[in-house]
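Here is the structure we will look at, set down as structure tokens.
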Amino acid sequence: MRDPSSSGTRINPAGVGVTWMQVRDAAVGAVRRGWPVVPGVCRRDELGFPELCPLEDSWDLTPITDPEQAHEIWTRLRPAGVLLVCGRGIDALEAPSRVTAVLPTLAQRGLRVPIATALPPSRWLLLVTTGSGRLRPDLAAASVRLHSIGEWAELPPTTLEGYSPLQWATTPPEDRHVCLPDADTVQQVLAEALHAGRPPARRS
């Protein structure tokens with residue numbers, strides 16, 4: 001894995017109150033859960049705003065799935081951010097803050113979904129098992145995004161320049177054998193709740 005300093009790319013800072021060791025441990029923890037990850041670095045977009053991108057151009061072909069490799073890479077590239085490679089068994093639904101009112105519905109339905117703050121601020125990231133790879137039109141109209149094949153999502157405690165570190169609102173299970181709800185099921189529950197204007201009644 002190349003040295004980012006050779007291309008002028010700046011490693012993403014760990015952020016205030018977050019150490020590079022915490023970021024490294026988060027990367028290792030993600031891999032142990034069976035989540036493929038890659039290092040994230042801070043670059044400037046065409047307008048000059050900071051954004052997080054994978055370090056390697058071939059990031060989707062070489063995700064890190066070994067805990068020892070993750071430990072070595074995030075120690076050497078400290079404090080690189082942690083990017084989840086989506087579409088390889090796990091996806092991410094990104095929702096605006098106005099959708100958070102219906103998030104308790106997921107727990108009411110018995111759906112254990114890890115939820116984290118997202119970038120940009122005022123958005124939330126819901127981790128789910130890869131489904132059909134399609135986003136419902138009604139959710140797209142509500143500014144929900146689906147990160148799947150060919151995309152990535154930032155994991156806590158990754159930080160983007162000028163923002164606070166990402167945090168877990170609902171922590172993920174430590175056991176890699178615990179299956180997350182699939183993307184299509186979670187989309188269905190969110191859509192029902194949004195259409196109803198309130199969390200629907202709990203199903204038996």
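The values are calculated or read from the model by the stated rules, or taken from the named source; none is laboratory data. Model, not experiment: these values are computed from the prediction. Counting neighbours? That spans all protein chains shown, and the Cβs are built from the backbone with ideal geometry, glycine included.
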Could you tell me whether any residue of the range 45-54 is of a type in the set (A, V, I, L, M, F, W, C) and touching a helix residue (DSSP H, G or I) at 6+ places or on another chain (Cβ under 7 Å)?
no
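Looking only at strands (runs of 3 or more DSSP E) that lie completely in the range 120-183, which have at least 2 residues being closer than 17 Å to Val37 by Cβ and among the aliphatic types (A, V, I, L, M)?
Because the criterion is at least 2 residues that are closer than 17 Å to Val37 by Cβ and among the aliphatic types (A, V, I, L, M), the strands (runs of 3 or more DSSP E) in the range 120-183 that meet it are 123-129, 152-155.
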Scan (1) touching a helix residue (DSSP H, G or I) at 6+ places or on another chain (Cβ under 9 Å); (2) in a strand (DSSP E or B); (3) under 17 Å from Asp184 (Cβ atoms) for the single condition Thr105 breaks and write down its number.
(2)
Taking Leu93, is it touching a strand residue (DSSP E or B) at 6+ places or on another chain (Cβ under 8 Å) and within 18 Å of Val178 (Cα to Cα)?
no
Return the pairs, sorted by first residue and then second, in which the second residue is in a loop (DSSP other than H, G, I, E, B) and surrounded by 21 or more Cβ atoms within 10 Å (Cβ to Cβ), the first residue lies in the range 173-193 and is at positive phi, the beta carbons are less than 8 Å apart, and the residues are 6+ apart or on different chains.
none
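Name the one entry in Val37, Val41 that is of a type in the set (Val, Ile, Thr) and more than 12 Å from the chain's Cα centre (by Cα). Talk me through it step by step, then tell me what you get.
Values: Val37 fails: more than 12 Å from the chain's Cα centre (by Cα).
Every option except Val41 fails the conditions.
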Look at the range 68-103 and say how many of its residues are surrounded by fewer than 20 Cβ atoms within 10 Å (Cβ to Cβ), more than 21 Å from Leu135 (Cβ to Cβ) and either of a type in the set (Val, Ile, Thr) or at pLDDT 85 or above (or both).
6
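Which one of Trp59, Trp74 is in contact (Cβ under 8 Å) with a residue 40 or more places away in the chain, within 25 Å of Asp175 (Cβ to Cβ) and touching a Phe, Trp or Tyr at 6+ places or on another chain (Cβ under 9 Å)? Quick ask: steps written out before the conclusion?
Numbers: Trp59 fails: within 25 Å of Asp175 (Cβ to Cβ).
Just one listed residue meets the conditions, Trp74.
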What is the residue count in the range 32-49 for residues that are in a loop (DSSP other than H, G, I, E, B) and either more than 20 Å from Ile149 (Cα to Cα) or of a type in the set (Ser, Thr, Tyr) (or both)?
5
Keeping to the range 126-159, report how many residues are free of Cβ contacts under 8 Å to residues at least 12 places away in the same chain and under 20 Å from Glu56 (Cβ atoms).
0
